[in-house]
Each structure stands twice: as C-alpha cells, then as structure tokens.
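Taken together, the values in this text are just the output of simple stated rules run on the coordinates, not laboratory data. Note that the structure is predicted; figures quoted are calculated from it, not measured. Virtual Cβ from ideal backbone geometry, glycine too; neighbours counted across all protein chains shown.
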Amino acid sequence: MEFDHAVVVVHDQMDEALERFRAMGFFVTERGYHSLGTINHLIILDNSYIELLGYLPENRDKRPEVRDAPAGLNAWVWRSHDASETYQQCIARGAPVSKPDRFSRPVQVGDLNDEAVFQTVRVAPEYSQAGRYYFCQHEKPHLVWHKPWMQHPNQACEITAAYAKVANLDREQRLLQQLVGDARVWPANLVIEADPKLEEGGYMHQLNIACRDLIALRTCLLQQSVPHVWANDRIRIDASHAMGLCLEFHEAVSDTEVLRSTSSTSGVGAAATASAASSNAASKAKAYANDGAEAFIRMLQAHGVKTIFGVCGDTSLPYYDALYRLDHGMVHVLARDERSAAYMADAYARVSGRVGVCEGPSGGGATYLAPGLVEANESSVPVLAFSSDVPVSSRGRYPLTELRQDALYAPLTKWNGSIDLVSKIGDQVRSAFRAICTGRPGSAHLCLPYDVLKAKHAGEGLWAQTEHSSAPAWRCAPALEATRQAATKLIAAKQVV
C-alpha cells in the first residue's frame, strides 16, 4: 500500500501559508478550487505531496470538517487505485468508512486545461482521534505529478514520516489496523504515540521530509530569514513558522528502495526515516583505487564530502587527474588563491554543519592555507586542509617548494599529519576527520607527497566512520531521557554495585 499525501489545514490564511512555504524553498502549485467549496495549493514530491487546504471566507461553512479542524497537519491519506474496491476491503475489515465520494477541480498543465478528478473513501471524524484518515484515488494522476512542479529549490523529495499523539493509543491502533490491515505502507510511516496529558482526542503535529541536499535547503532558509535549528544532520522548523506544523528535514538516500525498506510493515509504529540509511550511504563509496590519489578521493567521498575549495599546482596534478577520472559526486570550486580557499571552507562549514575541505599545492601554497586554518581552529570550526608536497624521495635535497609542512602546522591546527606511505592513506584520513569532529571541533592538515599520490594502491582500508562527517560527532551531554531512566533504575535498585 502506498501513502499518498498529507493535508495541512490553513483555514482562511492561504495567502500567508503560500508565502511561508515558498520562503522555505518549496515550489507551490497555483491555487485550485474544489467543487466542494475549498481551495488548495500542492507541494508535489516524488511519490507523495503536501496539500495546503483552506477556504475563501464566503465558503467557510461548506465543509464543516475543514472549518472546525485545528490549523496544522490534519489528515493522513493513503493511495487507492480503485476506490470501490478499497471501500469493500475496509468494510470487510470492519473499518467505519463511507462510500466513495467523487469530486474535481480545474487544473492547467502547460497549455492543457483539464479537470483533476478524485474519489475518496473517508473515516467519519468521530472515529479517529489524531485527525482525518481517508483513501484517495487519482483518476488522472498525470495532472498531479507534473515534472516541473516537482523541482524544489530546497531539494525536498519525499515525506518519510508523520507524528501524532492521542489519548487512547489502543483504540487508534485498532482503527488503523482496520483501515490498512497488515499491508506494507511506503514511503512514509505514521507514528502514533500516547499522550497522558490528553483526556480525549489527539492531534498530528510533525512531518519528516527527505531532501537531496540539506545545504540547498539551508541556503533557502537563510536567504529568506526563516527561523530554523540545525542539529544532528537534521533541520527543524518550528510549528509557529509553518502554519501549525512542525517540519523536520533530513538528507535522502538516492535509491527509492531504501525508502521502501525503511517503512513499517503496518504503516503504524516507530519511525524509520531515510536518514538512518543516509548516514551509512557515504561509507558505501566504491572501495577500489588504482593509485594514492584515487584512494584519497575515495576516502573524502566515504566521509560524505560534497564540496572542495582549492588551487591547483604542479605537485597536485595526480590528485586533479584522479578528480577528473572518477565518478565521486564532489564539486571542486577553484579559488583565487589558497587563502581564499581556506576561508571559503571555513564559511562552508559554519553554514552547512559539514566539514569544510580545502586544498593547495606545495611550498607557498601550503603556507597560504595557514591563516584560514588558524582562524577555523581558534573558532572551533571543522575544516580539513590538504596540500601536495615534493616526493618523499626528494626530501633533504633542496627541491623547489620543499617545506616541512608537518612542522609548520603542528602549532597551528588541532591535528596534522603527513602521508608518507600509500598504505596509510585510509588510516590518516580517518584520524584527521576524527580529530576534527570529536571533542572541541577544529582544523586539521594533511600533507600528500607527489610520489605517494602516484604510487599504486591495493584498494584496501578505504572506509569511513560516517559519524565523523560533521561536528560534534559525539553527543556533548547525556540525553535527558536516558538520564531519567538511569536515575529511576538506580532508585529502584535493591543494591547498587
């Protein structure tokens, strides 16, 4: 069974809702006018959508269930391919559903004017606590999932979970079992929790949304001054800024099958979001490498690096050649000079929450990286810099651009190292990311000799501890709920050892 869409009720505040969701970076469709008297705008995602539902003041009494509903997330809708068959299946399971309703709204897709037609099978409001539940059959789905409408500046691509609280959890779970049975529901879970503060009823309060690139989302939010919180690889927007709906964004995995596999079998239960799979995606970088330069790029890829700022030099050519050859998904930004690259990486880290990465060539290029790394280190910003160097075999023979980079950076960075053996690339890169992202964040520097970049590599040891891709990698304080549980167990213990 497929999840279809989530409904956000905005009453007569549709213009404000439209402005707020567009400010978050969503592409919102033009206004639709239902034959039942309501109006809507849609946010179309890969396999589902968000419906902003309201009414014009003169039509407020035409749909009492919308008029009387609290603002915010109000309805959870499953997809039906045959409304009549869905109705019969629900009745057979004892679900309190009404016969299919059919309604439409005019829609324009490009130069085509048509009617989008729907059939719905609904649960009467008195039977549900969290909000409205129903099934929706799209008779003309191509009038909903129109490709240009699915291109969002914030890179949102899918709803992965919703959260609700109810007074009587057993009753709500029985209702949902009657509605969907044991069918596998994807790509989104509905997670229902008991709220002891409620004497009756309940409410839906949060949507989780997958994004292909959280940096694109955060850029939209910063440009439009939308208040938000970035923590633990998630971006959260409070309900007060999203028409009564809390939104939590996480990075998506590109393979839709991951979204399928993370959905619960019954559509009700603990949330399994795509971000859990996303946290391991970077570690799946292809483990082959022909030489040291390719191995180094694979290690950056495995740690989830998306952007590198830098300047090329003669000793950096093996690295640049490998960057050109490989399919790694990273973007290289050519800076004016190495100082600019370091400060760009610093700014990137502050804005994105990821490790900023910059690079430069040997000699003077390595020295020009230093000011930006000192600034990042003193400001507790996670930045990794690497610079190429003369061959290990040429050290002490006074070649052009020879420099003791390890000695230079020892007092300037939190951690620094020189990879003098091609077999040590994996270990050294992991150590650098670990140092950057644990404890007090800071900067690190890696020296990459020219002959190490050119040396043959066996392709072994190219893996990452993906938690070391952003800072802080480890929790800086105990979780409050875990502390309470520990205290409760200690108090109840007969003998504490």
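Brief remarks follow.
- Peptide packing: for 139-146, 166-173, 335-342, the average count of neighbouring Cβ atoms within 10 Å per residue gives the ranking 335-342, 166-173, 139-146, highest mean first.
- 3J(HN,Hα) couplings calculated from phi for segment 160-169 with the Karplus curve 6.51 cos²θ - 1.76 cosθ + 1.60 (θ = phi - 60°) are, in sequence order, 10, 6, 9, 10, 9, 10, 9, 6, 10, 5 Hz; Gly and Pro show x.
- Within segment 331-366, backbone nitrogen closer than 16 Å to the virtual label 7 Å beyond the Cα of R395 toward Cβ: 362-363
- Residues with amide H under 5 Å from that of V333, placed H, sequence gap 5 or more: I308, F309, G310
- Set of lysines with alpha-carbon distance to K140 below 21 Å, sequence-local pairs under 8 removed: K99
- Take 464-477, 381-394, 36-49 and order them by the average number of nearby Cβ atoms within 10 Å per residue, most first; the result is 381-394, 36-49, 464-477.
- Normalised by 2.2 N^0.38 Å, where N is the number of residues, the alpha-carbon radius of gyration of segment 297-396 equals 1.05.
- For segment 351-497, alpha-carbon Rg over 2.2 N^0.38 Å: 1.37
- Sequence ranges 295-302, 120-127, 59-66, ranked by mean other-Cβ count within 10 angstrom, highest first: 295-302, 120-127, 59-66
- All C-alpha to C-alpha distances of the chain, sorted into 20 Å bins beginning at zero, yield P(r) values of 21, 43, 28, 8, 0 percent in whole numbers.
- Of all DSSP beta bridges in segment 3-280, antiparallel share, percent nearest 5: 65
- Extended-chain gain in nm, criterion 0.36 nm per residue less alpha-carbon gap, Q13 and D61: 15.7 nm
- Here the chain carries DSSP beta bridges of which approximately 50% are antiparallel, counting only pairs with both residues inside.
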